[in-house]
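Written out below as C-alpha coordinates is the structure these notes cover.
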Amino acid sequence: MSDLSLSLRTSFFSKTLPLHTPSRSLFAPLLSFSRVAPCCSLATTQRAARPVPWGCEIESLESASDLQKWLSDSGLPSQKMGIQRVEVGERGLVALKNIRKGEKLLFVPPSLVITSDSDWTRPEIGDVMRRNSVPDWPLLATYLISEASLDTASRWKNYISALPRQPYSLLYWTRSELDAFLVASPIRDRAIQRITDVTGTYNDMRARIFSKHPDLFPEKIYNMETFMWSFGILFSRLVRLPSMDEKVALVPWADMLNHSSEVETFLDYDKSSLGIVFTTDRSYQPGEQVFISYGKKSNGELLLSYGFVPKEGSNPNDSVELALSLNKSDKCYKEKLEALRRYNLPESERFPLQVKGWPVEMMAYAYLVVSPPSMSQYFGEMAAAASNKNSSKTRISYPEIEEETLQFILDSCEPSISKYTKFIEGQGDDLISVNAKQANRRLLLKQLARDLCTSERRILYRAQYILRRRLRDMRSGELRALTLFNGLRKLFK
(Lines give C-alpha, C1' and ligand atoms only; values in the text may rest on other atoms or scores of the structure.)
Protein backbone atom coordinates (compact mmCIF):
# COMPACT_ATOMS: atom_id res chain seq x y z
CA MET A 1 0.00 0.00 0.00
CA SER A 2 1.25 3.46 -0.85
CA ASP A 3 -0.19 5.22 2.16
CA LEU A 4 0.31 4.24 5.77
CA SER A 5 -3.12 5.54 6.62
CA LEU A 6 -4.34 2.37 4.94
CA SER A 7 -2.09 0.12 7.02
CA LEU A 8 -4.91 -0.54 9.46
CA ARG A 9 -7.57 -0.91 6.81
CA THR A 10 -11.28 -0.39 7.18
CA SER A 11 -11.81 -4.09 6.44
CA PHE A 12 -9.64 -4.91 9.45
CA PHE A 13 -12.28 -3.26 11.62
CA SER A 14 -15.25 -3.86 9.38
CA LYS A 15 -17.53 -3.93 12.40
CA THR A 16 -16.53 -0.76 14.26
CA LEU A 17 -18.72 0.27 17.13
CA PRO A 18 -21.21 3.14 17.17
CA LEU A 19 -19.67 6.23 18.74
CA HIS A 20 -21.88 6.08 21.81
CA THR A 21 -20.32 2.78 22.87
CA PRO A 22 -16.81 2.22 24.24
CA SER A 23 -14.43 2.24 21.31
CA ARG A 24 -11.73 -0.01 22.63
CA SER A 25 -10.72 -0.64 19.05
CA LEU A 26 -9.13 1.36 16.27
CA PHE A 27 -11.21 4.19 14.82
CA ALA A 28 -8.63 6.28 13.00
CA PRO A 29 -5.81 5.65 10.54
CA LEU A 30 -2.34 5.71 12.01
CA LEU A 31 -0.23 7.96 9.85
CA SER A 32 -0.34 9.80 6.57
CA PHE A 33 3.29 9.12 5.69
CA SER A 34 4.17 7.34 2.48
CA ARG A 35 4.96 3.71 3.09
CA VAL A 36 8.67 3.01 3.22
CA ALA A 37 10.35 -0.31 2.64
CA PRO A 38 9.99 -2.25 5.89
CA CYS A 39 13.20 -2.81 7.76
CA CYS A 40 11.59 -5.20 10.18
CA SER A 41 9.38 -8.02 8.97
CA LEU A 42 6.79 -10.14 10.70
CA ALA A 43 9.60 -12.57 11.44
CA THR A 44 10.40 -10.24 14.36
CA THR A 45 7.30 -11.51 16.12
CA GLN A 46 8.33 -15.16 15.78
CA ARG A 47 10.08 -14.85 19.15
CA ALA A 48 8.25 -13.90 22.30
CA ALA A 49 8.41 -10.16 22.90
CA ARG A 50 10.71 -9.19 25.75
CA PRO A 51 8.75 -7.68 28.64
CA VAL A 52 9.13 -3.93 28.95
CA PRO A 53 10.92 -2.61 32.06
CA TRP A 54 7.82 -0.82 33.36
CA GLY A 55 4.28 -1.79 34.27
CA CYS A 56 3.30 -4.65 36.56
CA GLU A 57 2.18 -8.24 36.59
CA ILE A 58 -1.38 -8.37 35.32
CA GLU A 59 -2.84 -9.38 38.70
CA SER A 60 -0.91 -6.83 40.84
CA LEU A 61 -3.08 -5.13 43.47
CA GLU A 62 -0.29 -3.14 45.10
CA SER A 63 0.35 -1.00 42.02
CA ALA A 64 -3.41 -0.49 41.55
CA SER A 65 -3.76 0.68 45.17
CA ASP A 66 -0.90 3.13 44.66
CA LEU A 67 -2.72 4.37 41.55
CA GLN A 68 -5.93 4.99 43.48
CA LYS A 69 -4.06 6.91 46.20
CA TRP A 70 -2.29 9.08 43.59
CA LEU A 71 -5.55 9.75 41.74
CA SER A 72 -7.28 10.74 44.99
CA ASP A 73 -4.42 13.09 45.87
CA SER A 74 -4.64 14.54 42.34
CA GLY A 75 -8.34 15.39 42.36
CA LEU A 76 -10.31 12.14 41.90
CA PRO A 77 -13.46 12.36 44.06
CA SER A 78 -14.26 9.76 46.71
CA GLN A 79 -15.28 6.49 45.07
CA LYS A 80 -17.99 3.93 45.76
CA MET A 81 -15.74 1.26 44.22
CA GLY A 82 -12.40 -0.23 45.18
CA ILE A 83 -9.81 -2.32 43.36
CA GLN A 84 -9.83 -6.00 44.30
CA ARG A 85 -8.86 -9.37 42.88
CA VAL A 86 -11.93 -10.75 41.11
CA GLU A 87 -13.17 -13.89 39.40
CA VAL A 88 -13.93 -12.19 36.07
CA GLY A 89 -10.60 -10.59 35.17
CA GLU A 90 -7.45 -10.65 37.28
CA ARG A 91 -8.45 -7.44 39.08
CA GLY A 92 -11.46 -5.17 38.86
CA LEU A 93 -13.58 -2.53 40.56
CA VAL A 94 -15.89 -3.82 43.28
CA ALA A 95 -18.77 -1.98 44.97
CA LEU A 96 -17.88 -0.73 48.46
CA LYS A 97 -21.37 0.63 49.09
CA ASN A 98 -24.85 0.07 47.68
CA ILE A 99 -25.00 1.39 44.12
CA ARG A 100 -28.36 2.22 42.58
CA LYS A 101 -29.44 1.58 39.02
CA GLY A 102 -29.09 4.80 37.04
CA GLU A 103 -26.37 6.18 39.31
CA LYS A 104 -23.37 8.03 37.84
CA LEU A 105 -19.97 6.81 38.94
CA LEU A 106 -16.23 7.67 38.57
CA PHE A 107 -16.17 11.45 37.83
CA VAL A 108 -12.56 11.33 36.60
CA PRO A 109 -11.53 14.96 35.87
CA PRO A 110 -10.07 15.77 32.42
CA SER A 111 -6.78 16.70 34.10
CA LEU A 112 -6.32 13.00 34.90
CA VAL A 113 -7.13 11.82 31.37
CA ILE A 114 -4.50 11.20 28.67
CA THR A 115 -5.35 12.55 25.21
CA SER A 116 -3.39 13.84 22.24
CA ASP A 117 -3.51 17.28 23.89
CA SER A 118 -1.80 16.14 27.09
CA ASP A 119 1.41 17.91 28.08
CA TRP A 120 4.66 15.99 27.54
CA THR A 121 7.14 15.84 30.40
CA ARG A 122 9.74 16.35 27.66
CA PRO A 123 7.97 19.00 25.52
CA GLU A 124 10.66 18.85 22.83
CA ILE A 125 9.48 15.33 21.94
CA GLY A 126 5.88 16.49 21.70
CA ASP A 127 6.98 19.37 19.46
CA VAL A 128 8.63 16.93 17.01
CA MET A 129 5.54 14.73 16.92
CA ARG A 130 3.19 17.65 16.27
CA ARG A 131 5.43 19.20 13.61
CA ASN A 132 5.17 15.90 11.76
CA SER A 133 1.35 15.84 12.18
CA VAL A 134 1.38 12.38 13.74
CA PRO A 135 -2.24 11.20 14.28
CA ASP A 136 -3.63 10.28 17.66
CA TRP A 137 -2.88 6.56 17.82
CA PRO A 138 0.87 6.54 17.12
CA LEU A 139 1.21 9.84 18.96
CA LEU A 140 -0.36 8.34 22.09
CA ALA A 141 1.71 5.16 21.70
CA THR A 142 4.89 7.27 21.61
CA TYR A 143 3.61 9.40 24.50
CA LEU A 144 3.22 6.29 26.69
CA ILE A 145 6.75 5.13 25.92
CA SER A 146 8.20 8.59 26.58
CA GLU A 147 6.44 8.99 29.92
CA ALA A 148 7.17 5.40 30.99
CA SER A 149 10.89 5.80 30.30
CA LEU A 150 11.07 8.83 32.63
CA ASP A 151 9.89 6.78 35.62
CA THR A 152 9.41 9.07 38.66
CA ALA A 153 10.05 12.20 36.58
CA SER A 154 6.68 11.66 34.85
CA ARG A 155 3.44 12.67 36.54
CA TRP A 156 1.94 9.47 35.10
CA LYS A 157 4.37 7.19 36.95
CA ASN A 158 1.70 5.63 39.18
CA TYR A 159 -0.64 5.05 36.25
CA ILE A 160 2.01 3.43 34.08
CA SER A 161 3.17 1.27 37.00
CA ALA A 162 -0.38 -0.13 37.24
CA LEU A 163 -0.56 -1.06 33.53
CA PRO A 164 0.08 -4.71 32.63
CA ARG A 165 3.64 -5.43 31.54
CA GLN A 166 2.60 -8.20 29.15
CA PRO A 167 -1.13 -8.89 28.68
CA TYR A 168 -2.56 -11.93 26.91
CA SER A 169 -4.06 -10.10 23.92
CA LEU A 170 -3.16 -11.65 20.57
CA LEU A 171 -0.73 -8.81 19.85
CA TYR A 172 1.64 -10.53 22.30
CA TRP A 173 1.32 -14.06 20.92
CA THR A 174 4.19 -15.32 18.78
CA ARG A 175 3.53 -16.49 15.24
CA SER A 176 4.20 -20.10 16.28
CA GLU A 177 1.63 -19.78 19.08
CA LEU A 178 -0.96 -18.31 16.71
CA ASP A 179 -0.33 -21.11 14.21
CA ALA A 180 -0.44 -23.84 16.85
CA PHE A 181 -3.44 -22.70 18.88
CA LEU A 182 -5.63 -20.66 16.52
CA VAL A 183 -5.19 -22.54 13.25
CA ALA A 184 -8.93 -23.29 13.20
CA SER A 185 -10.18 -19.79 14.02
CA PRO A 186 -10.55 -16.87 11.56
CA ILE A 187 -9.31 -14.57 14.34
CA ARG A 188 -5.79 -15.86 13.65
CA ASP A 189 -5.67 -13.97 10.36
CA ARG A 190 -6.84 -10.77 12.03
CA ALA A 191 -4.18 -11.15 14.72
CA ILE A 192 -1.45 -11.61 12.12
CA GLN A 193 -2.73 -8.56 10.24
CA ARG A 194 -2.74 -6.48 13.43
CA ILE A 195 0.84 -7.48 14.25
CA THR A 196 1.89 -6.68 10.69
CA ASP A 197 0.19 -3.28 10.84
CA VAL A 198 1.77 -2.28 14.14
CA THR A 199 5.16 -3.51 12.90
CA GLY A 200 4.79 -1.43 9.74
CA THR A 201 3.77 1.63 11.73
CA TYR A 202 6.84 1.32 13.96
CA ASN A 203 9.08 0.99 10.88
CA ASP A 204 7.60 4.16 9.41
CA MET A 205 7.93 6.07 12.68
CA ARG A 206 11.55 4.98 12.98
CA ALA A 207 12.38 5.89 9.38
CA ARG A 208 10.54 9.22 9.34
CA ILE A 209 11.03 10.52 12.87
CA PHE A 210 12.99 8.39 15.34
CA SER A 211 16.11 7.95 13.18
CA LYS A 212 16.27 11.69 12.46
CA HIS A 213 16.23 12.61 16.16
CA PRO A 214 18.30 9.87 17.85
CA ASP A 215 18.97 12.11 20.85
CA LEU A 216 15.23 12.30 21.55
CA PHE A 217 14.28 8.78 20.43
CA PRO A 218 17.11 6.36 21.38
CA GLU A 219 16.47 2.85 20.07
CA LYS A 220 17.03 1.29 23.48
CA ILE A 221 13.78 3.01 24.52
CA TYR A 222 11.83 3.41 21.26
CA ASN A 223 11.98 -0.09 19.80
CA MET A 224 9.69 -2.83 18.55
CA GLU A 225 9.06 -4.29 22.01
CA THR A 226 8.05 -0.99 23.60
CA PHE A 227 5.94 -0.05 20.58
CA MET A 228 4.07 -3.37 20.75
CA TRP A 229 3.50 -2.77 24.45
CA SER A 230 2.14 0.75 23.99
CA PHE A 231 -0.12 -0.28 21.12
CA GLY A 232 -1.36 -3.21 23.19
CA ILE A 233 -2.32 -0.75 25.93
CA LEU A 234 -4.18 1.41 23.40
CA PHE A 235 -6.06 -1.50 21.85
CA SER A 236 -7.25 -2.66 25.26
CA ARG A 237 -7.82 0.67 27.04
CA LEU A 238 -8.38 3.56 24.66
CA VAL A 239 -11.96 4.88 24.54
CA ARG A 240 -13.71 7.48 22.42
CA LEU A 241 -15.60 10.17 24.35
CA PRO A 242 -18.50 11.47 22.20
CA SER A 243 -19.24 14.43 24.49
CA MET A 244 -15.60 15.50 24.54
CA ASP A 245 -15.39 16.35 20.83
CA GLU A 246 -14.97 12.66 19.94
CA LYS A 247 -11.54 12.55 21.55
CA VAL A 248 -9.85 9.20 22.08
CA ALA A 249 -8.48 8.95 25.59
CA LEU A 250 -6.90 6.79 28.26
CA VAL A 251 -8.92 7.18 31.46
CA PRO A 252 -7.00 6.01 34.55
CA TRP A 253 -9.07 4.15 37.14
CA ALA A 254 -11.97 3.77 34.71
CA ASP A 255 -9.87 1.31 32.71
CA MET A 256 -9.82 -1.01 35.71
CA LEU A 257 -13.48 -1.81 34.97
CA ASN A 258 -14.01 -5.22 33.39
CA HIS A 259 -16.42 -6.15 30.60
CA SER A 260 -19.75 -7.89 30.83
CA SER A 261 -22.04 -8.61 27.90
CA GLU A 262 -24.98 -8.33 30.29
CA VAL A 263 -24.58 -4.55 30.68
CA GLU A 264 -24.72 -1.79 28.10
CA THR A 265 -23.24 1.11 30.03
CA PHE A 266 -20.27 3.02 28.64
CA LEU A 267 -17.86 5.83 29.45
CA ASP A 268 -18.41 9.44 28.39
CA TYR A 269 -17.69 12.99 29.48
CA ASP A 270 -20.39 14.50 31.69
CA LYS A 271 -20.63 18.25 31.11
CA SER A 272 -22.59 18.88 34.30
CA SER A 273 -19.97 17.33 36.61
CA LEU A 274 -17.00 18.05 34.31
CA GLY A 275 -15.76 14.47 34.62
CA ILE A 276 -15.63 11.10 32.87
CA VAL A 277 -18.53 8.98 34.13
CA PHE A 278 -20.70 6.00 33.36
CA THR A 279 -24.29 5.43 34.39
CA THR A 280 -25.14 2.05 35.87
CA ASP A 281 -27.91 0.05 34.21
CA ARG A 282 -28.32 -2.25 37.22
CA SER A 283 -27.86 -2.06 40.98
CA TYR A 284 -24.85 -3.48 42.87
CA GLN A 285 -24.49 -4.69 46.44
CA PRO A 286 -21.26 -4.23 48.42
CA GLY A 287 -18.73 -6.85 47.29
CA GLU A 288 -20.17 -7.22 43.78
CA GLN A 289 -17.92 -6.48 40.83
CA VAL A 290 -19.06 -3.48 38.76
CA PHE A 291 -18.96 -3.82 34.97
CA ILE A 292 -19.15 -1.73 31.83
CA SER A 293 -19.46 -2.83 28.22
CA TYR A 294 -16.51 -2.83 25.84
CA GLY A 295 -19.03 -2.94 23.00
CA LYS A 296 -20.95 -5.62 21.12
CA LYS A 297 -17.95 -7.82 20.36
CA SER A 298 -17.56 -11.49 19.56
CA ASN A 299 -15.44 -13.77 21.75
CA GLY A 300 -12.74 -13.68 19.07
CA GLU A 301 -12.65 -9.87 19.10
CA LEU A 302 -12.45 -9.86 22.90
CA LEU A 303 -9.50 -12.26 22.80
CA LEU A 304 -7.86 -10.25 20.03
CA SER A 305 -7.74 -6.97 21.98
CA TYR A 306 -8.21 -7.86 25.65
CA GLY A 307 -6.87 -11.37 26.07
CA PHE A 308 -9.93 -13.12 27.51
CA VAL A 309 -12.78 -15.33 26.31
CA PRO A 310 -16.19 -15.12 28.05
CA LYS A 311 -17.77 -18.26 29.41
CA GLU A 312 -19.34 -20.36 26.65
CA GLY A 313 -22.88 -19.26 25.85
CA SER A 314 -22.69 -16.07 27.95
CA ASN A 315 -22.04 -13.62 25.11
CA PRO A 316 -25.15 -12.84 23.02
CA ASN A 317 -22.94 -10.93 20.57
CA ASP A 318 -20.66 -13.87 19.86
CA SER A 319 -20.10 -14.73 16.21
CA VAL A 320 -17.79 -16.64 13.92
CA GLU A 321 -16.85 -15.78 10.37
CA LEU A 322 -17.91 -18.24 7.66
CA ALA A 323 -16.08 -18.13 4.34
CA LEU A 324 -18.10 -18.42 1.11
CA SER A 325 -16.45 -18.56 -2.31
CA LEU A 326 -17.33 -18.64 -5.98
CA ASN A 327 -16.71 -21.92 -7.76
CA LYS A 328 -14.09 -21.41 -10.47
CA SER A 329 -15.57 -24.31 -12.45
CA ASP A 330 -18.94 -22.49 -12.57
CA LYS A 331 -19.98 -21.77 -16.17
CA CYS A 332 -20.86 -18.23 -15.06
CA TYR A 333 -17.75 -17.68 -12.92
CA LYS A 334 -16.52 -14.65 -14.90
CA GLU A 335 -19.93 -12.99 -14.97
CA LYS A 336 -20.42 -13.52 -11.24
CA LEU A 337 -16.92 -12.28 -10.43
CA GLU A 338 -17.54 -9.18 -12.53
CA ALA A 339 -20.80 -8.55 -10.65
CA LEU A 340 -19.00 -8.83 -7.31
CA ARG A 341 -16.18 -6.52 -8.37
CA ARG A 342 -18.66 -3.84 -9.36
CA TYR A 343 -19.47 -3.64 -5.65
CA ASN A 344 -15.88 -4.11 -4.42
CA LEU A 345 -16.47 -7.67 -3.25
CA PRO A 346 -13.90 -10.48 -3.65
CA GLU A 347 -14.56 -13.95 -4.99
CA SER A 348 -14.17 -15.27 -1.45
CA GLU A 349 -15.81 -13.41 1.41
CA ARG A 350 -16.32 -13.96 5.14
CA PHE A 351 -19.64 -13.33 6.88
CA PRO A 352 -20.45 -13.33 10.62
CA LEU A 353 -22.61 -16.19 11.83
CA GLN A 354 -24.37 -15.76 15.16
CA VAL A 355 -26.37 -18.20 17.25
CA LYS A 356 -29.49 -16.24 16.35
CA GLY A 357 -28.82 -16.27 12.60
CA TRP A 358 -26.79 -14.79 9.80
CA PRO A 359 -26.79 -11.53 7.83
CA VAL A 360 -28.89 -11.01 4.71
CA GLU A 361 -25.67 -10.12 2.88
CA MET A 362 -24.45 -13.69 3.34
CA MET A 363 -27.67 -15.11 1.95
CA ALA A 364 -27.40 -12.82 -1.09
CA TYR A 365 -23.80 -13.90 -1.69
CA ALA A 366 -24.83 -17.56 -1.43
CA TYR A 367 -27.68 -16.96 -3.91
CA LEU A 368 -25.13 -15.64 -6.38
CA VAL A 369 -22.79 -18.60 -5.90
CA VAL A 370 -25.45 -21.24 -6.64
CA SER A 371 -27.53 -19.36 -9.21
CA PRO A 372 -27.70 -21.06 -12.67
CA PRO A 373 -27.01 -19.34 -16.04
CA SER A 374 -30.74 -18.83 -16.53
CA MET A 375 -30.69 -16.32 -13.65
CA SER A 376 -27.83 -14.19 -14.99
CA GLN A 377 -30.09 -11.13 -15.14
CA TYR A 378 -30.14 -11.18 -11.31
CA PHE A 379 -26.38 -11.43 -10.74
CA GLY A 380 -26.02 -7.68 -10.26
CA GLU A 381 -28.95 -7.52 -7.85
CA MET A 382 -27.50 -10.35 -5.79
CA ALA A 383 -24.04 -8.74 -5.66
CA ALA A 384 -25.56 -5.40 -4.66
CA ALA A 385 -27.47 -7.05 -1.81
CA ALA A 386 -24.33 -8.92 -0.73
CA SER A 387 -22.52 -5.58 -0.45
CA ASN A 388 -25.42 -3.96 1.40
CA LYS A 389 -25.82 -1.52 -1.50
CA ASN A 390 -29.18 -2.76 -2.70
CA SER A 391 -31.13 0.36 -3.67
CA SER A 392 -34.45 -1.11 -2.57
CA LYS A 393 -33.07 -2.07 0.87
CA THR A 394 -35.48 -5.00 0.92
CA ARG A 395 -34.49 -8.59 1.56
CA ILE A 396 -34.16 -10.38 -1.74
CA SER A 397 -35.50 -13.90 -2.18
CA TYR A 398 -35.30 -16.46 -4.96
CA PRO A 399 -37.57 -19.38 -4.00
CA GLU A 400 -36.46 -21.43 -7.01
CA ILE A 401 -32.90 -21.74 -5.64
CA GLU A 402 -33.65 -21.41 -1.90
CA GLU A 403 -33.06 -25.09 -1.15
CA GLU A 404 -29.79 -25.25 -3.07
CA THR A 405 -28.60 -22.05 -1.36
CA LEU A 406 -29.30 -23.37 2.14
CA GLN A 407 -27.56 -26.63 1.28
CA PHE A 408 -24.51 -24.69 0.04
CA ILE A 409 -24.27 -22.76 3.33
CA LEU A 410 -24.71 -26.00 5.28
CA ASP A 411 -21.90 -27.68 3.35
CA SER A 412 -19.66 -24.62 3.83
CA CYS A 413 -19.84 -25.04 7.62
CA GLU A 414 -18.35 -28.53 7.60
CA PRO A 415 -14.66 -27.75 6.81
CA SER A 416 -14.51 -25.23 9.66
CA ILE A 417 -16.15 -27.62 12.11
CA SER A 418 -13.61 -30.30 11.19
CA LYS A 419 -10.73 -27.91 11.91
CA TYR A 420 -12.18 -26.95 15.28
CA THR A 421 -12.75 -30.56 16.27
CA LYS A 422 -9.22 -31.56 15.27
CA PHE A 423 -7.74 -28.86 17.49
CA ILE A 424 -10.10 -29.31 20.45
CA GLU A 425 -9.65 -33.07 20.52
CA GLY A 426 -5.95 -32.98 19.63
CA GLN A 427 -3.13 -33.80 22.00
CA GLY A 428 -0.16 -31.50 22.64
CA ASP A 429 0.92 -28.48 20.66
CA ASP A 430 4.43 -29.44 19.47
CA LEU A 431 5.82 -26.21 20.97
CA ILE A 432 8.93 -26.54 23.11
CA SER A 433 8.95 -24.48 26.30
CA VAL A 434 12.37 -23.46 27.59
CA ASN A 435 11.30 -22.88 31.20
CA ALA A 436 8.43 -23.35 33.62
CA LYS A 437 7.13 -19.79 33.19
CA GLN A 438 6.89 -20.19 29.43
CA ALA A 439 5.26 -23.60 29.85
CA ASN A 440 2.60 -22.14 32.16
CA ARG A 441 2.00 -19.28 29.76
CA ARG A 442 1.45 -21.63 26.85
CA LEU A 443 -0.93 -23.75 28.89
CA LEU A 444 -2.98 -20.61 29.52
CA LEU A 445 -2.86 -19.56 25.86
CA LYS A 446 -3.93 -23.02 24.77
CA GLN A 447 -6.89 -22.95 27.18
CA LEU A 448 -7.93 -19.53 25.85
CA ALA A 449 -7.75 -20.90 22.31
CA ARG A 450 -9.70 -24.01 23.29
CA ASP A 451 -12.43 -21.87 24.89
CA LEU A 452 -12.63 -19.69 21.77
CA CYS A 453 -12.73 -22.62 19.36
CA THR A 454 -15.40 -24.35 21.45
CA SER A 455 -17.63 -21.27 21.37
CA GLU A 456 -17.12 -20.72 17.62
CA ARG A 457 -17.79 -24.38 16.82
CA ARG A 458 -20.97 -24.15 18.91
CA ILE A 459 -22.23 -21.35 16.63
CA LEU A 460 -21.52 -23.43 13.53
CA TYR A 461 -23.32 -26.43 15.05
CA ARG A 462 -26.31 -24.21 15.79
CA ALA A 463 -26.28 -22.84 12.22
CA GLN A 464 -26.21 -26.38 10.85
CA TYR A 465 -29.15 -27.35 13.06
CA ILE A 466 -31.21 -24.40 11.78
CA LEU A 467 -30.26 -25.10 8.16
CA ARG A 468 -31.06 -28.82 8.37
CA ARG A 469 -34.41 -28.08 9.99
CA ARG A 470 -35.34 -25.56 7.28
CA LEU A 471 -34.24 -27.95 4.56
CA ARG A 472 -36.21 -30.77 6.13
CA ASP A 473 -39.32 -28.60 6.33
CA MET A 474 -38.90 -27.52 2.73
CA ARG A 475 -38.41 -31.06 1.49
CA SER A 476 -41.26 -32.49 3.53
CA GLY A 477 -43.48 -29.71 2.17
CA GLU A 478 -42.43 -30.56 -1.36
CA LEU A 479 -43.13 -34.23 -0.66
CA ARG A 480 -46.62 -33.43 0.66
CA ALA A 481 -47.31 -31.26 -2.37
CA LEU A 482 -46.13 -34.02 -4.70
CA THR A 483 -48.27 -36.62 -2.87
CA LEU A 484 -51.32 -34.36 -3.11
CA PHE A 485 -50.66 -33.76 -6.81
CA ASN A 486 -50.35 -37.50 -7.52
CA GLY A 487 -53.54 -38.17 -5.57
CA LEU A 488 -55.46 -35.58 -7.60
CA ARG A 489 -54.07 -36.96 -10.83
CA LYS A 490 -55.27 -40.50 -9.92
CA LEU A 491 -58.69 -39.11 -8.97
CA PHE A 492 -59.18 -37.42 -12.32
CA LYS A 493 -58.02 -40.55 -14.13
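The values are calculated or read from the model by the stated rules, or taken from the named source; none is laboratory data. Since the model is a prediction, treat every value here as computed from it, not as a measurement. Glycine also receives a Cβ, built like all others from the backbone with ideal geometry; neighbour counts cover every protein chain displayed. The area values use the complete protein model at the heavy-atom level, side chains included, leaving out ligands, DNA and RNA. Shrake-Rupley method; radii C 1.70, N 1.55, O 1.52, S 1.80 Å.
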- Message: Whether any residue in the range 97-108 is open to solvent by less than 20 Å² (accessible area, probe 1.4 Å), at positive phi and touching a strand residue (DSSP E or B) at 6+ places or on another chain (Cβ under 7 Å) is what I want to check.
- Response: yes
- Scan the range 175-203 and report the pairs whose first residue is of a type in the set (A, V, I, L, M) and whose second residue is open to solvent by 10 Å² or more (accessible area, probe 1.4 Å), with Cβ atoms within less than 6 Å and a gap of 6+ or a chain change. Leu178/Arg188; Ala180/Asp429; Ala180/Leu431; Leu182/Arg188; Ala184/Lys419; Ala184/Phe423; Ile195/Thr45
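Please verify whether Ser78 is more than 29 Å from the chain's Cα centre (by Cα), within 22 Å of Asn258 (Cα to Cα), polar (S, T, N, Q) and not in a strand (DSSP E or B), treating the condition exactly as stated. Before you say what the answer is, go through the steps one by one.
Numbers: more than 29 Å from the chain's Cα centre (by Cα): yes; within 22 Å of Asn258 (Cα to Cα): yes; polar (S, T, N, Q): yes; not in a strand (DSSP E or B): yes.
For Ser78, the condition - more than 29 Å from the chain's Cα centre (by Cα), within 22 Å of Asn258 (Cα to Cα), polar (S, T, N, Q) and not in a strand (DSSP E or B) - is met.
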- Message: Return the residues of the range 307-351 that are hydrophobic (A, V, I, L, M, F, W, C), open to solvent by 40 Å² or more (accessible area, probe 1.4 Å) and part of a loop (DSSP other than H, G, I, E, B); say none if nothing qualifies.
- Response: Phe308
- Query: Is it the case that the range 282-289 has a residue that's farther than 30 Å from Pro352 by Cα and hydroxyl-bearing (Ser, Thr, Tyr)?
  - Reply: yes
- Qualifying positions in the range 122-141 - over 28 Å from the mean Cα position of the chain (by Cα) and assigned to a loop (DSSP other than H, G, I, E, B): Arg122, Asn132
- Item | Unmet requirement for Val86, which otherwise passes all of (1) more than 30 Å from Ile209 (Cβ to Cβ); (2) touching a residue at least 60 places away in the same chain (Cβ under 8 Å); (3) in contact with a helix residue (DSSP H, G or I) (Cβ under 8 Å, 6 or more places away or on another chain) | (3)
- Query: Asp429 is checked against (1) in contact with a Lys or Arg (Cβ under 7 Å, 6 or more places away or on another chain); (2) at pLDDT 95 or above; (3) of a type in the set (D, E, K, R) and fails just one. What number does that condition carry?
  - Reply: (2)
- Item | Meets criteria (open to solvent by 40 Å² or more (accessible area, probe 1.4 Å) and either under 27 Å from the mean Cα position of the chain (by Cα) or touching a residue at least 40 places away in the same chain (Cβ under 8 Å) (or both)) for Ser111 | no
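Report those helices (runs of 4 or more DSSP H) wholly inside the range 151-245 carrying at least 1 residues which are open to solvent by 40 Å² or more (accessible area, probe 1.4 Å).
Details: elements: 157-161, 175-181, 187-208, 224-237.
In the range 151-245, the matching helices (runs of 4 or more DSSP H) lie at 157-161, 175-181, 187-208.
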- Query: Can Leu67 be described as out of contact with any Pro (no Cβ under 7 Å at 6 or more places or on another chain), hydrophobic (A, V, I, L, M, F, W, C) and open to solvent by less than 60 Å² (accessible area, probe 1.4 Å)?
  - Reply: no
